[in-house]
Amino acid sequence: MAQAGNSELVDSFEQFFRNYYDSDIKQLAQRYPNEQRSLHVDWQDLYRYDPDLADDFINQPEQLQRYAEEALRLYDLPIDVSLGQAHVRVTNLPETESPEIRDIRARDMNSLVQVRGIVRKATDVRPKIEEAAFECQLCGTLTRVPQSSGDFQEPHECQGCERQGPFRVNFDQSEFVDSQKLRIQESPEGLRGGETPQSLDVHVEDDITGEVTPGDHVSATGVLRLEQQENQGEKSPVFDFYMEGMSVEIDEEQFEDMDISDEDKKQIYEISNQDDVYEQMVASIAPSIYGYDQEKLAMILQLFSGVTKQLPDGSRIRGDLHMLLIGDPGTGKSQMLGYIQNIAPRAVYTSGKGSSSAGLTAAAVRDDFGDGQQWTLEAGALVLADQGIAAVDELDKMRCVTSETVVELADGSNIPIGDIAQQAAIHGEIEPLSNGRTIRDIDVSVRTMTNSGTIVERPVTAVHQYEAPSELIEVITKDGNRLRSTPDHPYFVHQQGNIVERQAEDLTIGDQTLVPRGQDTIAADGGIGTSNPAPDAHLRNVEHSEIADVRRIDNSDWDYVYDLTVEGTHNFIANGMVVHNSEDRSAMHEALEQQKISVSKAGINATLKSRCSLLGAANPKYGRFDHYEPISEQIDLEPALISRFDLIFTVTDQPDEEKDRNLAEHIITTNYAGELTTQREEMASLEVSTDEIAEMTDQVDPEIDAELLRKYIAYAKQNCHPRMTEAARNAIRDFYVDLRSKGTDEDAPIPVTARKLEALVRLSEASARVRLSDTVEEHDANRVIEIVRSCLQDIGVDPETGEFDADIVEAGTSKSQRDRIKNLKGLISDIEEEYDEGAPVDIVMERAEEIGMDQSKAEHEIEKLKQKGEVYEPSTDNLRTT
Ligand code: ADP
Ligand code: MG
């Protein structure tokens, strides 16, 4: 601390203000107090003025801020205004005082630091009492009690009559300040290799509240304080940090932490001029994954992305590309998605299996981040990935349970989930999905678990009903509770002090699953069990119960399975367990097309930016991909969402001797290279030569170093904004017209929509960006036409007519399939007339075969007609049309 008395410090600040901030202060005086209440001081200015004073400000921020504010009050102003309550807010600290959130340690306590990150959560702005005026109900005297953070302080006795109340808080005489709590999380670009981002809570007051929105990249400067953790109401010796925010500023730069040196630029330009730049790029994505050159090229184009277009009328066309990989299990999709994090300047990776409470878009929730009553707005993956890429694995996860599952409602009653759906269907707004339906506008609240394990009540925003799969999993706990679900339904499992999620089909006997605490759970078979307390003390109202049995059941009893959307928490309590559920994807359409997410609920009205590209992966619903079925029949995504993707790749795992040999060779080489590297690190004497190691690892090294590629992409996105040459425009137009013309037969569905055209434009722009070219050439257009053609062939060709049929992609059923269903229904109604008891199923099958319909297809279609209620079974194995 500088050897100076208090008044000298105040003088010092006064002098500093006169030298550096005179006009700012005069402006503040004019705007004070309504338009402006703070003087923002750049720490670097203070350092230039007096390095000691600047250092003191960091080490003793509280006192120094007081002196600075005192100096502000005493400042000689031309107008008669008192800056009595004005704040001095310091920003722009030196690097040494800007730790990563994960590096904050006890030594940083009470000093001023600056952290950078992304706003993950923000509560609404609420008034907080700073000084409470207690009015004595007996004598009317006001007793003022200053309120610091912590519990609400009441007076010991009345300052007038010295009696102990009763008191009433007089709001007019009390002092309030606006307050808000933010959670700042490390930026995705600062993280490598799937590290979990750390976060810091920041408390802000007065004029800096309400200034930032979840998804904003910010620098927050403030004083680090400690808050004692609690274990079920018991104080713990371990403390948490939080920040008393002095200033919060939005960072405008696109990729803040990317230092691109001149040497980097030289290398980038060199690569961009090489003829095989695209091949090099492809060889730099997930080199351990064999093949998929087209998919990898498309991923490269996605990373570079097209140009965002501002139209003269003020509207905007996105430049970001959305891409979906659908494929058989074990074909490397997850590996490729995960690799994106290594090379994208900003990437957020998440799996549909994951349980972020905000899910993919955003959520407004009332949880214990606020005071329990306050609303908190939380950014989901597509917001966190703003100006970057969101890789979402298992986009299609189904989290459904059977109809008899008993849900605990907020009012304490219990009701089967199937009944909730039925009741809701009468009143609610129904949105059809490809293989089920979603009902909104339902008036039910349920019991649900927050992140901290507290059981709270929340409204249900939608109920989903899906066709049931042919196989279900039944899980039975030691307490005798049982739940039947789809095989991929995730369970909360307690494992070494953490709660992880595990799919029903992957559960094993002995796993510990979460159940509500504190009440004996009434078992389905009538027995009463007790459960062990969860060792994780953070979980307030839940404990765990051991799984006693996991069984596969062939489903012939359930036509449908169900799911609830409980916003914010994504789980509900049913059959005595905490049951996971899926998120409502309706907000995703807007997010992908408009690239923003509007939340308007309770006191919150916000628009969050989601200017990102989505790379999604999904597994086919029936385990394997079937080229004879339209895509929307095979994954659990609604057609409206599917149509937002610029490119959809389908990956099948079919045996092919040559390909299999190459793949095997590749995987074995990758593993061998890994073995050599491990040996080199772990074993002192090694008889392999470094040359051999170099040769082996060379085969699986990315062509362009990942770090350089990240810089390359960031540089291109910031500096290169190509436009199309006439030749490129013509090539795309001709391709499009040609595609459309293929579907002009009588009553053919519109083959390809204008959406595809925009996709082609975006892709060609991205292709030009790879070369850092300002113009999109004909060969760029041809490159992407090639990709689009092969994708369309994989998914859009109606396999029975050989024609492109965009209806398959955009509407969910192909024309030939609609014809088939029409035919079959006609067939049944013909046969029905010949038989009194309805059309016998075996006769229907016979005739169906005669008109060239394959048996299993016919069975499938009959099943569908039954589910849609167009055909019913008056008696076993007989059919009647309705
Ligand atoms: P998916 O997500 O498609 O189910 P994964 O990405 O989990 O598949 O891949 C399963 C495993 O198979 C991984 O270990 C992956 O490395 C390997 N694998 C699958 N396909 C390939 C491939 N083409 N080249 C190299 N490894 C592969
Ligand atoms: Mg996978």
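The values are calculated or read from the model by the stated rules, or taken from the named source; none is laboratory data. None of the values given here were measured: they were computed from a predicted structure. With ideal geometry, Cβ positions are generated from the backbone for all residues, glycine too; neighbour counts draw on all protein chains shown. In case anyone asks, the SASA skips ligands and DNA or RNA and just uses the protein heavy atoms, side chains included. Shrake-Rupley method; radii C 1.70, N 1.55, O 1.52, S 1.80 Å.
Name the pairs whose Cβ atoms lie under 6 Å apart, with the first residue in the stretch 464-476 and touching a residue at least 40 places away in the same chain (Cβ under 8 Å), the second open to solvent by 40 Å² or more (accessible area, probe 1.4 Å) and of a type in the set (Ser, Thr, Tyr), and 6 or more positions between them or separate chains?
GLN465/TYR560; ALA468/TYR560
From the list ILE668, ILE648, which one is away from ligand 1 (no atom under 13 Å from the Cβ) and either in contact with a Cys (Cβ under 8 Å, 6 or more places away or on another chain) or modelled with pLDDT of 85 or more (or both)?
ILE648
Among the residues of the stretch 15-49, what is the count of those that are closer than 19 Å to PRO94 by Cβ and either among the basic types (Lys, Arg) or surrounded by 16 or more Cβ atoms within 10 Å (Cβ to Cβ) (or both)?
At the first step, the residues of the stretch 15-49 found to be closer than 19 Å to PRO94 by Cβ are 16, 20, 40-49.
Applying the additional criterion that residues be either among the basic types (Lys, Arg) or surrounded by 16 or more Cβ atoms within 10 Å (Cβ to Cβ) (or both) yields 16, 20, 40-41, 43, 46-49.
Matching residues across the stretch 15-49 total 9.
Can you tell me which residue within the stretch 680-732, out of those that are touching a strand residue (DSSP E or B) at 6+ places or on another chain (Cβ under 9 Å) and among the charged types (D, E, K, R), is surrounded by the most Cβ atoms within 10 Å (Cβ to Cβ)?
Among those residues, the one meeting the criterion is ARG729.
Right, ARG346: touching a Pro at 6+ places or on another chain (Cβ under 6 Å) and either within 13 Å of ligand 1 (Cβ to nearest atom) or of a type in the set (D, E, K, R) (or both) or not? Quick ask: steps written out before the conclusion?
Details: touching a Pro at 6+ places or on another chain (Cβ under 6 Å): yes; either within 13 Å of ligand 1 (Cβ to nearest atom) or of a type in the set (D, E, K, R) (or both): yes.
Spelling it out, ARG346 is indeed touching a Pro at 6+ places or on another chain (Cβ under 6 Å) and either within 13 Å of ligand 1 (Cβ to nearest atom) or of a type in the set (D, E, K, R) (or both).
Mind checking whether some residue in the stretch 764-787 is modelled with pLDDT of 55 or more, in contact with a Gly (Cβ under 9 Å, 6 or more places away or on another chain) and part of a loop (DSSP other than H, G, I, E, B)?
No, every residue in the stretch 764-787 fails to be modelled with pLDDT of 55 or more, in contact with a Gly (Cβ under 9 Å, 6 or more places away or on another chain) and part of a loop (DSSP other than H, G, I, E, B).
Regarding CYS139, is this residue exposed (fewer than 13 other Cβ atoms within 10 Å of the Cβ), among the hydrophobic types (A, V, I, L, M, F, W, C), free of Cβ contacts under 8 Å to residues at least 60 places away in the same chain and in a loop (DSSP other than H, G, I, E, B)?
yes
What about GLY193, is it small (Gly, Ala, Ser), modelled with pLDDT of 90 or more and in a loop (DSSP other than H, G, I, E, B)? Steps first, please.
Values: small (Gly, Ala, Ser): yes; modelled with pLDDT of 90 or more: no; in a loop (DSSP other than H, G, I, E, B): yes.
The answer is no for GLY193.
Go through the residues of the stretch 112-119 one by one and say whether even a single one is in a loop (DSSP other than H, G, I, E, B), in contact with a strand residue (DSSP E or B) (Cβ under 6 Å, 6 or more places away or on another chain), open to solvent by less than 80 Å² (accessible area, probe 1.4 Å) and under 24 Å from SER219 (Cα atoms). First the steps, then the outcome.
Step one: filter the stretch 112-119 for residues in a loop (DSSP other than H, G, I, E, B), giving none.
Checked against the condition, which is being in a loop (DSSP other than H, G, I, E, B), in contact with a strand residue (DSSP E or B) (Cβ under 6 Å, 6 or more places away or on another chain), open to solvent by less than 80 Å² (accessible area, probe 1.4 Å) and under 24 Å from SER219 (Cα atoms), the stretch 112-119 yields no hits at all.
Among the residues of the stretch 309-350, write down those that are within 16 Å of ligand 2 (Cβ to nearest atom), part of a strand (DSSP E or B) and under 23 Å from THR670 (Cβ atoms).
Selection gives LEU325, GLY327, TYR349.
So if I check each of GLY210, GLY160, GLY215, which one is assigned by TED's automatic domain parsing to the domain that holds ALA122, touching a strand residue (DSSP E or B) at 6+ places or on another chain (Cβ under 9 Å), in a loop (DSSP other than H, G, I, E, B) and farther than 30 Å from ILE118 by Cα? Show your work before the answer.
Values: GLY210 fails: farther than 30 Å from ILE118 by Cα; GLY215 fails: farther than 30 Å from ILE118 by Cα.
Step by step, each of GLY210, GLY160, GLY215 is checked, and only GLY160 is assigned by TED's automatic domain parsing to the domain that holds ALA122, touching a strand residue (DSSP E or B) at 6+ places or on another chain (Cβ under 9 Å), in a loop (DSSP other than H, G, I, E, B) and farther than 30 Å from ILE118 by Cα.
So, in the stretch 149-166, how many residues would count as being farther than 26 Å from TYR242 by Cβ and either under 48 Å from the mean Cα position of the chain (by Cα) or open to solvent by 70 Å² or more (accessible area, probe 1.4 Å) (or both)?
The number of residues fulfilling the criteria is 8.
Take GLU431 and tell me if it is out of contact with any Pro (no Cβ under 6 Å at 6 or more places or on another chain), open to solvent by 20 Å² or more (accessible area, probe 1.4 Å) and of a type outside the set (Ser, Thr, Tyr).
Details: out of contact with any Pro (no Cβ under 6 Å at 6 or more places or on another chain): yes; open to solvent by 20 Å² or more (accessible area, probe 1.4 Å): yes; of a type outside the set (Ser, Thr, Tyr): yes.
Judged against the criteria, GLU431 is a match.
Hey, could you check the stretch 281-308 for residues that are of a type outside the set (S, T, N, Q), open to solvent by 50 Å² or more (accessible area, probe 1.4 Å) and not in a helix (DSSP H, G or I) and say which is nearest to ligand 1 (Cβ to nearest atom)?
TYR290
Let me spell it out: the conditions are (1) touching a His at 6+ places or on another chain (Cβ under 9 Å); (2) in contact (Cβ under 8 Å) with a residue 60 or more places away in the chain; (3) more than 16 Å from ligand 2 (Cβ to nearest atom), and SER305 meets all of them except one. Which number is the exception?
In the conditions (1) touching a His at 6+ places or on another chain (Cβ under 9 Å); (2) in contact (Cβ under 8 Å) with a residue 60 or more places away in the chain; (3) more than 16 Å from ligand 2 (Cβ to nearest atom), SER305 misses (1) alone.
Would you please name the residue that is farthest from the chain's Cα centre (by Cα), looking only at residues in the stretch 628-645 that are at pLDDT below 85 and hydrophobic (A, V, I, L, M, F, W, C)?
Here the residue is ILE631.
Do you know which of the residues in the stretch 405-428 that are open to solvent by 40 Å² or more (accessible area, probe 1.4 Å) and touching a residue at least 24 places away in the same chain (Cβ under 8 Å) is farthest from ligand 1 (Cβ to nearest atom)?
Only one residue fits best here, namely ASP411.
Residue under question is GLY354, and the condition is that it be within 16 Å of ligand 1 (Cβ to nearest atom) and either under 20 Å from LEU641 (Cβ atoms) or modelled with pLDDT under 90 (or both); does it hold?
Yes: the conditions hold for GLY354.
Looking only at the stretch 319-341, filter to residues that are open to solvent by 10 Å² or more (accessible area, probe 1.4 Å) and under 23 Å from ALA591 (Cβ atoms); which one of those is farthest from ligand 1 (Cβ to nearest atom)?
The extreme case among them is ASP320.
I'm trying to understand the selection: among the residues of the stretch 78-91, which are assigned to a loop (DSSP other than H, G, I, E, B) and buried (at least 16 other Cβ atoms within 10 Å of the Cβ)?
Going through the stretch 78-91, the residues assigned to a loop (DSSP other than H, G, I, E, B) turn out to be 78-86.
Once the filter is applied, which keeps residues that are assigned to a loop (DSSP other than H, G, I, E, B) and buried (at least 16 other Cβ atoms within 10 Å of the Cβ), the stretch 78-91 yields LEU83, ALA86.
Just to be sure I understand the filter: pairs with C-beta atoms under 7 Å, separated by 6 or more residues or on different chains, first member in the stretch 275-292 and among the aliphatic types (A, V, I, L, M), second member near ligand 1 (Cβ under 8 Å from one of its atoms). Which pairs pass?
Pairs found: ALA286/GLN335; ALA286/MET336; ILE289/GLY332; ILE289/GLN335; ILE289/MET336.
Please name all residue pairs, on different chains or six or more residues apart, with Cβ atoms under 7 Å, provided the first residue is in the stretch 726-754 and is closer than 22 Å to GLU765 by Cβ and the second residue is at pLDDT 65 or above and β-branched (Val, Ile, Thr).
ALA728/VAL776; ALA731/ILE785; ILE732/VAL761; PHE735/ILE785
Does ALA390 satisfy the criteria of being assigned to a strand (DSSP E or B), under 30 Å from GLN335 (Cα atoms) and either at pLDDT below 90 or within 16 Å of ligand 1 (Cβ to nearest atom) (or both)?
Spelling it out, it is not the case that ALA390 is assigned to a strand (DSSP E or B), under 30 Å from GLN335 (Cα atoms) and either at pLDDT below 90 or within 16 Å of ligand 1 (Cβ to nearest atom) (or both).
Quick test for you: out of GLU474, GLU501, GLU505, pick the one residue that is part of a strand (DSSP E or B), surrounded by fewer than 17 Cβ atoms within 10 Å (Cβ to Cβ), charged (D, E, K, R) and at pLDDT 85 or above.
One residue alone meets the criteria, GLU474.
Which of the numbered conditions does GLU810 fail, given that it passes all the others? Conditions: (1) crowded, with 18+ Cβ neighbours inside 10 Å; (2) at pLDDT 75 or above.
(2)
Yes or no: the stretch 55-73 includes at least one residue that is free of Cβ contacts under 8 Å to residues at least 24 places away in the same chain, touching a Leu at 6+ places or on another chain (Cβ under 8 Å) and either over 20 Å from ASN110 (Cα atoms) or outside any helix (DSSP H, G or I) (or both).
Yes - at least one qualifying residue is present in the stretch 55-73.
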